[in-house]
1. Does Tyr104 satisfy being over 15 Å from the mean Cα position of the chain (by Cα), of a type in the set (Phe, Trp, Tyr), modelled with pLDDT of 85 or more and under 26 Å from Glu124 (Cα atoms)?
2. Within the stretch 84-115, which residues are farther than 16 Å from Leu132 by Cα, not aliphatic (A, V, I, L, M) and not in a loop (DSSP other than H, G, I, E, B)?
3. Considering every residue within the stretch 149-160, establish whether at least one is free of Cβ contacts under 8 Å to residues at least 24 places away in the same chain and of a type outside the set (Gly, Ala, Ser).
4. Here is a check on your reading of the model: is Glu126 of a type in the set (Asp, Glu) and more than 16 Å from Cys69 (Cβ to Cβ)?
5. What is the number of the single condition among (1) assigned to a loop (DSSP other than H, G, I, E, B); (2) in contact with a Cys (Cβ under 7 Å, 6 or more places away or on another chain) that Thr118 does not meet?
6. Out of the residues in the stretch 150-193 that are of a type in the set (S, T, N, Q) and modelled with pLDDT of 75 or more, which is farthest from Leu121 (Cα to Cα)?
7. Identify the residue in the stretch 58-98 that is hydroxyl-bearing (Ser, Thr, Tyr) and touching a Lys or Arg at 6+ places or on another chain (Cβ under 7 Å) and, among all such residues, is surrounded by the fewest Cβ atoms within 10 Å (Cβ to Cβ).
8. Take Ile128 and tell me if it is at pLDDT 95 or above and under 14 Å from the mean Cα position of the chain (by Cα).
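The values are calculated or read from the model by the stated rules, or taken from the named source; none is laboratory data. The shown structure was predicted, so the numbers you read here are calculated from the model rather than taken from an experiment. Backbone-built Cβ (ideal geometry, glycine too); neighbour counts: all protein chains shown.
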Amino acid sequence: MQNNIIVQPMSSVTGFVASKMIIDGEEHKSLPSDISIVQSNRSFYIWHKIYQVFAKVTLTDKNVLEINCGSGAGAAWCIHTHAFHSYIGIDPSQDVINLCQRLYSTVPRLSFVVADATKHLPFENESIDSILCIETTHAFGESIAITQFANEVVRVLRPNGYLLWCDFCYMNGSDTSIYDLIANNDLIIEEKINITKNVLHALDI
């Protein structure tokens, strides 16, 4: 089985699609205007990156998993703007998942689950079409945690599935390259773009 990675780094910042694709770091696309979710500068910045990562991947009727979904605002935006079959957000914090469920329990095709992506993804083998991982892996703490995450990604992704990844290039306080840890014989980086300029642009909008 072979999966693809789309990477988007911030050179701080990098991004890639593993087993499937990456975002066009040179293109500033406008976000849909009919979003009913309250937008903070931070959320707009995150949505801008998600929008870029999704731009080159066909996700209609697909099962999508988001790693460390936080408050769930990004997940709600994604399900509002894309025709997924299902969208699942996970986070290791029960309190965070409780908040997500309270805020978005009535949103169709959207669900939230407590899970630690560095240990185990509570999903069947080859059951997920695409995995979205935005600004998460750099804080995993140890190289082995990222390796375990990559192994779990390979296990749950369907053949020809995608890991859509956007994060800082290196782990906190080290010179360890994150995407070198993620890419392996099963996860192939199809495209990699440094999007630091775009991130700064989004923060200025």
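1. Values: over 15 Å from the mean Cα position of the chain (by Cα): yes; of a type in the set (Phe, Trp, Tyr): yes; modelled with pLDDT of 85 or more: yes; under 26 Å from Glu124 (Cα atoms): yes.
Yes, satisfied.
2. Matches in the stretch 84-115: Gln94, Asp95, Asn98, Cys100, Gln101, Arg102, Tyr104.
3. There is at least one residue in the stretch 149-160 that is free of Cβ contacts under 8 Å to residues at least 24 places away in the same chain and of a type outside the set (Gly, Ala, Ser).
4. yes
5. The single condition Thr118 does not satisfy is (2).
6. Asn160
7. Only one residue fits best here, namely Ser86.
8. Criteria met by Ile128.
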